[in-house]
Amino acid sequence: MPDSIDKLIDLLLDVETPVNPTNSEPASSPKEQQSLLTKPEKKPAFLAQKIPSTVESKDSVIEISHETAADNNNTEPNSTEPSLAESETNLAAIETPQPIEVVEESVAKVAEVVLDDRIQAISSAISSLKEQNIQETNNNGFSTDFVNPGIDDWILEKEARLNELADSLNNLIPLMMELLSVKVNDSQELILQTMIPLMDRAIQERSSQDLDKMSLAIARILPDAIAQEIKIEPKSMGKAIAPELALSIEEQIRLDQDAVSLALGSEMGKAIKAQIELEKDAMVDALYPVIGNTISKYLAEEIGRINQKVENSLSREGISRKIRAKMRGISEAELILQESIVCKVQAIFLIQKDSGLIICEVQPDKEHPLESDLVAGMLTAIRSFANDCIISGSELSEIDYGNFEILLEAAGYCYIAVVISGQPKPEFRDRIRETLSKLVMQYGDKIENYQGDTSTIPPSVKLVLKDLANIETDETSEANQKKSAPILLWLILIILASILLPWGIFKYHAVKSQRITEKVAVQLDNNPQLSVYRLQSQVDRKNITITGKVSSSHLRNLAQEIVSEIAQEEKLNLDNQIIAVDVPADPTFTTQEVTRVSQLLNQLTGVGIVSDYQDYRVTITGFILDTVSTETVTSYISNIPGVKQVVFNVKQELPTVDTRIYFDSQESEIKNSTEAGKIDFIKRFLEEYPTLNLRVIPHSDSKGSKSFNQKLTLERAKTVYQTAISQGVDPNRLEIVSEELFPPDVTPDQPLWLSRHVRFEPFIPEKTLP
Amino acid sequence: MSTVSKKICLIGDFSVGKTSLIRRFVEGVFSEKYLTTIGTKISRKVVNLKPSSKEIDLIIWDIEGRTKFKSIVPNYIKGATGAIIVGDLSRQETLDHLPAHIELFFQTNPKGVAIVALNKSDIIEKHKLTKLLELNNFGSNSQIIKTIVTSAKNNTNVDRAFTELAENMVDS
């Protein structure tokens, strides 16, 4: 053992001598270093001298002296004496080439072993040696006695030197560190080059030695390193991690499912938002199969309902909806939507209050029945909870969840729960109440004593519940239809009535007025004076209005007289709007009119007149045999427009014709020229009285038979008639009349010839209108 | 044969294994995960009673366990025909509370029947079991059908507890 110590000490002692001065000088404070600079003339020489020696002895020490020189080199530009500094540089330049190689080598070596470790190893080796030595000495106490005091002294001496050595080493450490760092700064490249080939091995070796420490060492820098790398080249980092990302997430999910969800969850919303901003369509496409179907299905149903509503918009319901929408202050569309979300009973449960057992249930939707027992139990529990813990004594009346609603209505031992989709009408709750009270009244005891056996509950309970379920669903459609049918009918009837009744009345009046108008027209037309005028009559409900123009107020009054008769018959007022215009009559028209009226008047019996119109005056000549006819004729003629004066030159008696044409006995030929000359007289008479005609009346004497005489008289009349015609008499104005064979004015005692004649009798002929 | 529905409750302190017993009975599973029942959970199982081939529809109310601060809501027990009153063999205080639970149940349902289930037998040594069973025997009460040692984990006596209760409920 002492040998080994000796060797070590020797080894170190070789180093010691040159180390000391360098140690004391450059390792000292920066101030002293500064002084070194101020006195360069000594130091460089010294240093230059020392370097070779140190090179020979120990690598680590060489560095120090060299570096000090180098340090001086570096500071050279600052020197106050350039010449000296220059010389120094030269010196350094001469000296450095050799040491640098050595230094590099040594640095490599140091790096290889890691300086820290080496120093530590050395110091620990020293201390352990010391300890061992002391121990050994102690343990071998007896032997020490022997060798004492010689060995003691030796040891002491060695120890002292050892301490010295340790001190010097301790002093060395900071210097070495600094030196190394300076070197690294100075010639990074070189160090790098030397270190690179060894790096991986070093790490590997170290890892195999102490994995934990290595991990620890790397761990500290790892996050920063990664962060740096990401900063420098994010893409490659991404590439490096990418393949494992999915796997690592999978693994994490396997380990702790919630953590991943939690981590991603908070960002999910943002991520989706960002994606939507970035590429909306892709997002839409991605979600479409899910949301699209849901929405389209929902919309299809809703639109169907809305369509129906819109189609019915003109029905009674539609009109009432318009009114309701106005009253509630929402749009009609909103109301339609609200109504289209059909309210439907999903299930009705009659539940025993305490146990929560189902007494009876109705579930119209057979496709998705509710788990009634559990629902009932849970509802009961919720009710109990609300009763006990929230407000005691009060009842839970409804539970809302989304589009569903559970209406609850409780009685003594049971309660009813109605699961409804959509918004029920407020009246529905009343219906539930009614149903429940009906059930409790009828089956109260059975419900109270219900032991979970449904067979104890009469089936009529179910019917009552079914009724409740049906009413609500059918209410909207069927009930309305039932109601609306008669109302619609009434509506149609009222509309029809309101159209037909006035139309009927109108029609009736129209027909009536038409009839009256016609009647008036006929009556007016029948009046010879008025028939030429265009008079019009209008009939409304109360009045007959006659309009038109006549030429005199007389005609106006005449028309009024005629129409007022009709008006009285029909119980109408007469409104005479006929205007009497005093038109200067057209003489031609008046003449024609006078002639026409005269001809008309001539049809009256005993009237045979001729009117002559001149200068507004009508002169009437002829025969009017009775006074009544005279008045009539006067009024008619005087009312002819344009007639202002009527001069009557008429006779009331017909003239007598005394002329008789005599014949020889039993002869029918006019006997001589005297008798024939009487024909001329006849001719003149007819010319004198144009309104009169003549009857040709033949007679015979009493001689001969009656039949002979009859034949003879007719012959005589014909002869006269023919003779008159031959002399230019109008045959129409002669009329052969055979009367008595014997003339009434000839007595039998008078001569016979007197009886053999043809006499003439004037008469007013019955004339037909031309 | 009409199915008769009956409400039964599981009563006991918290964490004695009420929910586990029900899950074992209804779903046939057991999970070590402890989940506190809040309020009440309701399960349902139809039990076929052998001798009469009667069917009984058990509506099982899993009632929130009693804790120091909260007593059981008595309303949840109302209307129950039967009850399984559960204690945890590994926790003496839960066994000490059994009489209180029994009293509460019969107060609320005087005509009811009950079974006492001493649960978690799987974590109790065998020789201790008999002793614990002796200590916690409520045979004196005629309405208590029996006291039974159960384990939801090992499926010991779970079906038996429910079935016997069901049978006695039909009789009563």
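The values are calculated or read from the model by the stated rules, or taken from the named source; none is laboratory data. As the structure is a prediction and not an experimental result, all values here were calculated from the model. FYI the Cβ positions are ideal-geometry reconstructions off the backbone, even for glycines, and counts take in every protein chain you see. Surface accessibility is based on the protein's heavy atoms, side chains included, excluding ligands, DNA and RNA. Shrake-Rupley method; radii C 1.70, N 1.55, O 1.52, S 1.80 Å.
Can you pull the percent of Cα pairs in region A:348-457 with separation above 23 Å?
Roughly 25 percent, once rounded to a whole number.
Taking the Kirkwood radius as Rh and the Cα radius of gyration as Rg, region A:628-733 has a ratio of Rg/Rh equal to 1.16. Solvent-accessible area of B:K78, all protein chains in place: 80 Å² (probe radius 1.4 Å, heavy atoms, ligands and nucleic acids excluded).
Given region B:4-171, what percent of its DSSP beta bridges are antiparallel, to the nearest 5? Could you put the intermediate results ahead of the total?
Values: 11 of 36 bridges.
Around 30 percent of the beta bridges assigned by DSSP in region B:4-171 are antiparallel ones.
Please tell me which of these pairs span more than 23 angstrom C-alpha to C-alpha: A:K446/B:K111; B:K7/B:K131; B:K7/B:K54? Violating the 23 Å limit, Cα to Cα: B:K7/B:K131. Of the GluC sites (Glu not before Pro) in region B:97-172, the ones in a loop by DSSP (not H, G, I, E or B) with at most 13 other beta carbons within 10 Å are B:E125. Accessible surface area normalised per residue over region A:587-651 is 50 Å², counting heavy atoms of protein chains with a 1.4 Å rolling probe. Amide H to amide H distances under 5 Å link A:Q666 with no residue, where only residues 5 or more positions off or on other chains count and H is placed in the peptide plane.
Checking the table A:K466/B:K41; A:K366/A:K462; A:K344/B:K6; B:K6/B:K153; B:K6/B:K33 against a 23 Å threshold on Cα-Cα, which pairs fail? Walk me through the intermediate numbers first.
Numbers: A:K466/B:K41 29 Å; A:K366/A:K462 16 Å; A:K344/B:K6 30 Å; B:K6/B:K153 26 Å; B:K6/B:K33 29 Å.
Long pairs (Cα-Cα over 23 Å): A:K466/B:K41; A:K344/B:K6; B:K6/B:K153; B:K6/B:K33.
Can you tell me the orientation of helix B:158-171 relative to chain B, as the angle in degrees between its alpha-carbon axis and the longest Cα principal axis, to the nearest 10? For B:158-171 against chain B, the angle is about 40 degrees.
Over chain B, DSSP H runs of length four or greater, each weighted -39,500 (n - 2.57), average out per residue to a 222 nm ellipticity of -8500 deg cm²/dmol.
Rolling a 1.4 angstrom probe over the protein heavy atoms, how many square angstrom per residue are accessible across region A:348-457? Show your work: numbers first, answer last.
Working: 5290 Å² over 110 residues.
Dividing the accessible area of region A:348-457 by its residue count gives 48 Å².
Just so you know, the Rg over Rh for region A:175-294 is 1.20, from Cα atoms, with Rh as the Kirkwood radius. Note on region B:1-158: Cα-only Rg and Dmax are 15.0, 46 Å. Inter-part distance, region A:670-725 to region A:607-630, computed on C-alpha centroids, equals 30 Å.
Please compute how much accessible surface disappears when B pairs with A, both sides summed, using a 1.4 Å probe, and round it to the nearest 100 Å². Don't skip to the end; give the middle numbers.
Numbers: alone 8970 and 48460 Å², together 55850 Å².
Rounded to the nearest hundred, the buried surface is 1600 Å².
Per-residue surface analysis assigns A:T456 an accessible area of about 70 Å², computed on protein heavy atoms at 1.4 Å probe radius. Taking Lys and Arg as +1 and Asp and Glu as -1, the other residues whose beta-carbon sits under 13 Å from that of A:I226 total -1.
In terms of accessible area, using a 1.4 Å probe and ignoring ligands and nucleic acids, A:I640, A:I494 rank largest first as A:I494, A:I640.
Excluding A:T517 itself, what net charge comes from residues whose Cβ is under 13 Å from its Cβ, given Lys and Arg +1 and Asp and Glu -1?
On the way: positive: A:K512, A:R515, A:K519; negative: A:E518, A:D525, A:D540, A:E570.
After counting each charged neighbour, the total is -1.
Do any GluC sites (Glu not before Pro) in region A:700-770 lie in a DSSP loop with no more than 13 other beta carbon atoms within 10 Å, and if so, which?
Values: sites: A:E715, A:E735, A:E739, A:E740, A:E766; in loops: A:E739, A:E740, A:E766.
Filter output for region A:700-770: A:E740, A:E766.
Legend: residues in region A:415-454 shielded by at least 10 square angstrom of accessible surface upon adding the remaining protein chains to the isolated chain (1.4 Å probe, heavy atoms) are A:Q451, A:G452, A:D453, A:T454. With 21 Å as the limit, the listed pairs A:K239/A:K273; A:K671/A:K718; A:K519/A:K571 have A:K239/A:K273 beyond it between alpha carbons. With all protein chains in place and ligands, DNA and RNA left out, the 1.4 Å accessible area ranks A:K322, A:K644, A:K273 as A:K644, A:K273, A:K322, largest first.
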